[in-house]
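Inspection log for the structure reproduced underneath, given as structure tokens.
No lab work stands behind these numbers, since they all come straight from the coordinates. Keep in mind it's a predicted model, so treat the numbers as computed, not measured. Note: ideal-geometry Cβ built from the backbone for every residue, glycine included; neighbour counts use all protein chains shown.
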Amino acid sequence: VQAALDAGFEPTSISTDLHEMNLHGPVYDMPTTMSKFLCLGLPLDRVIAMATCDAAKVLGMHDDLGTLAPGTAADITFLELHEGEFEFTDSYRQTRMGGQKLSAVGLVRKGNLATNSNRLKG
């Protein structure tokens, strides 16, 4: 991905390709995958867009997903941005240090709040 970015090509969307063999590394989850793109130098707003509305467009589902428009599915993930030193590993087991990491702290699914976090409770 770094070579493509260096050549001026930005990904259209971000996804995990998460499966049983990479669940415990190096993919882990979507926030970790998004964090890896932050580590590559993409700004937070672009990373969020590529993981949400841009991904929905690629899938032809942009009328229902990746939007907060009235009448659409109210599926929202609440993310927390951590600052510090974080190590990220790619699928070739190469590591890179980054200064930001996203973590999921809550979820709204079909309009219902589902979270284990007290941070989102009034």
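Across the stretch 2-120, counting alpha-carbon atoms alone, Rg and Dmax equal 15.1, 43 Å.
Provide the gained length on full extension for the span Glu80 to Ala4, in nm with one decimal, where the gain is 0.36 nm per separating residue minus the Cα-Cα distance. Each step should come with its number before you reach the end.
Details: separation 76, 0.36 × 76 = 27.36 nm, distance 2.77 nm.
Gain on extension, Glu80 to Ala4, equals 24.6 nm.
Within the listed set Ala69, Ala51, Ala104, the residue fluctuating most in the Gaussian network model of the chain (springs between alpha-carbon atoms under 10 angstrom) is Ala69. Here the Karplus curve 6.51 cos²θ - 1.76 cosθ + 1.60, taken at θ = phi - 60°, turns the phi angles of the stretch 10-18 into couplings of 9, x, 6, 8, 10, 9, 9, 6, 5 Hz, with x standing for Gly and Pro.
Take every pair of alpha-carbon atoms less than 8 Å apart whose residues are at least six positions apart; their mean separation over the length of the chain yields a relative contact order of 23 percent.
Only lysine pairs 8 or more places apart or on separate chains count here, and in the chain those with Cα atoms under 24 Å apart total 5. Distance between the pseudo-spin-label points of Ala104 and Ala69 (7 Å out from Cα toward the beta carbon): 2.5 nm.
For Phe78, the residues whose modelled amide H falls within less than 5 Å of its own, excluding neighbours fewer than 5 places apart on the same chain, are Val105, Gly106, Leu107, Val108.
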